1. Has the range 505-519 got any residue that is at pLDDT below 95 and closer than 18 Å to Val396 by Cα?
2. Suppose the filter is at pLDDT 95 or above, buried (at least 17 other Cβ atoms within 10 Å of the Cβ), within 16 Å of Leu302 (Cβ to Cβ) and not aromatic (Phe, Trp, Tyr); does Gly400 pass it?
3. Would a scan of the range 444-463 turn up a residue that is farther than 30 Å from Ala100 by Cβ and without any contact (Cβ under 8 Å) to a residue 24 or more places away in the chain?
4. Out of all the residues in the range 475-490, which are under 23 Å from Pro49 (Cβ atoms), part of a loop (DSSP other than H, G, I, E, B) and not hydroxyl-bearing (Ser, Thr, Tyr)?
5. For Arg32, which of the numbered conditions (1) part of a helix (DSSP H, G or I); (2) at pLDDT below 95 fails to hold?
6. Is one or more of the residues making up the range 35-43 under 14 Å from the mean Cα position of the chain (by Cα), more than 13 Å from Trp484 (Cβ to Cβ) and crowded, with 24+ Cβ neighbours inside 10 Å?
7. If the Cβ limit is 6 Å and pairs must be 6+ apart or interchain, which residue in the range 229-241 that is within 14 Å of Glu156 (Cα to Cα) and touching a residue at least 60 places away in the same chain (Cβ under 8 Å) pairs with which residue that is of a type in the set (Val, Ile, Thr) and surrounded by 24 or more Cβ atoms within 10 Å (Cβ to Cβ)?
8. In this structure, is Glu418 more than 30 Å from Phe319 (Cα to Cα) and free of Cβ contacts under 8 Å to residues at least 60 places away in the same chain?
Amino acid sequence: MPRERQAGLLVPLFSIASHESWGVGEIPDIVRLAAWMRTAGFSFLQMLPVNEMAEGQNSPYSALSAMAIDPIFIAPSAVPDVMALGGESILDQAERTSLAAARRSGAVEYGMVRALKARVFRAAFDRFLAQERGRRTARAARFDAFRDREGWWLDEYALFRAIHARENRRHWLEWPAGLRDRDAAALARVREQLAGDILFYQYLQWLADEQWLEVRRAARVGIFGDFPFMVSGDSADVWSRQQDFRMDASVGAPPDAFSETGQDWGFPAYRWREIAAGNYEWLANRARRSAELYDGFRVDHLVGFFRTYVREANGSAAFVPDDQAEQTAQGERLLALFTASGARVIAEDLGVIPDFVRQALARANVPGYKVLRWEREWEEDGKPFRDPHAYPACAVATTGTHDTETVAEWWDTAPIEEREALVRLDSIREAGCDARMPFGPQLRDALLSVLFASAADIVLLPIHDVFGWRDRINTPAVIDERNWTWRLPWPVDDLQTEPIARERAAFLRAQAARAGRGQW
């Protein structure tokens, strides 16, 4: 990604369904969104993780693999085997009714979409085996080349998925001992027994890869991914690298202003000493995979890579490593590893962050976040907001993240003292905004304008805040069937004709031009 001033848009892939897609944003829909983004002056798209989620999960941070793309994002309409079978005509009447309902829904219906795609992709795979692999066609050769190229992660992933399916999605800790403990003879037997299923899961990843490469060629905007701090315990990565993880402890966050008891995320804890002894191989592999998929990536929960808050089974908790010098050395080593991937790196450094972490970020020239509502002089009288014109150049200026309430919701619930402090910023006051006014287009655009004009090289805007919407992508600590299911109010391919979206694009393009934020 170019190092000059840029503007990016934050929106999850699952949110950008088109007329053609099956009720969820699909990989080719990125090109449709990118067409509108270019008219709006955005130069890159920031997505949430696209890693494969377990069935029944909505959160992209609960993944079966840190490497694999979720097959739910594969577009059936762009799979030659599906189209050769007749496309949507291969669905029976009940399935067509389900597909129509998924497309009409205002939210992603994960269970419905997964069931439809699973059936269709199985039929497509059978067709591929008979008509392509059996005849040794050019497509079959591309598939084999993909398997050879990506075998370093694909082989263990596909084996895990095949066993996981056979074991009725039970956690790998509940598998038969030989498979759980990765006995060589047991693994050899199951590879032979499940050879067809293993090939199927490799086929799905190949389909995703082919569509992804086409998007990278066609999008004409940068594509940023997300590098989650942890991966689910029931994942191909943890099962295949048990030496790197503690299943008897979990990671989280210590008590702070937002939580009196702290947080327990339920993910297995890293064995940092063993990982270091192995030269951080798995994390290096993840960075390599991210650089293959993306132009850049956001490092989630950066502070955790310096010091991880580990909760023991007996209720005690502590940072690991526990020594600041060791924490600094580890974090700097990992920052160097991430940036050496060749992709542009930004870092989520929100929350309680020690000074030495931000100092390490500055030395590595990796931009951290400046969230407008939290950038205040907290020790001064009145806690004035910091002028975005004074933000450092090496920074990401934003209205919020996928975890925060929207800027509209924040304004609606903010104390009057906080509102008054914000409108003391010259650029907000000069826009005619008043602390007692309700949130609306005038305040929305004043906030966007001040961020575009900020000194930060990168401005990154959640799509909700671009439009002033109050819907949320995620409400932290809420686990239900509606969280992580938000979709655009229109099919993504209608953005260029919807009057509101056209108005937004014109406004944003003018802001980007005025602030000297370039195109991709």
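The values are calculated or read from the model by the stated rules, or taken from the named source; none is laboratory data. None of the values given here were measured: they were computed from a predicted structure. Using ideal geometry, Cβ is built from the backbone for each residue, glycine included, and neighbour counts are taken over all protein chains shown.
1. Taking the range 505-519 and keeping what is at pLDDT below 95, we get 518-519.
With closer than 18 Å to Val396 by Cα added as a condition, the list becomes 518-519.
Checked the range 505-519: at least one residue is at pLDDT below 95 and closer than 18 Å to Val396 by Cα.
2. Values: at pLDDT 95 or above: yes; buried (at least 17 other Cβ atoms within 10 Å of the Cβ): yes; within 16 Å of Leu302 (Cβ to Cβ): no; not aromatic (Phe, Trp, Tyr): yes.
Considered against the rule, which asks whether it is at pLDDT 95 or above, buried (at least 17 other Cβ atoms within 10 Å of the Cβ), within 16 Å of Leu302 (Cβ to Cβ) and not aromatic (Phe, Trp, Tyr), Gly400 comes out as no.
3. Scanning the range 444-463 turns up at least one residue that is farther than 30 Å from Ala100 by Cβ and without any contact (Cβ under 8 Å) to a residue 24 or more places away in the chain.
4. To start, the set of residues in the range 475-490 that are under 23 Å from Pro49 (Cβ atoms) comprises 475-488.
Next cut, part of a loop (DSSP other than H, G, I, E, B) only: 475-485, 487-488.
Selection gives Pro476, Ala477, Val478, Ile479, Asp480, Glu481, Arg482, Asn483, Trp484, Arg487, Leu488.
5. Only one criterion in (1) part of a helix (DSSP H, G or I); (2) at pLDDT below 95 is unmet by Arg32, namely (2).
6. No.
7. Listed by first residue and then by second, the contacts come to Asp237/Val231.
8. On the way: more than 30 Å from Phe319 (Cα to Cα): yes; free of Cβ contacts under 8 Å to residues at least 60 places away in the same chain: yes.
Yes; evaluated as a whole, the condition is true for this residue.
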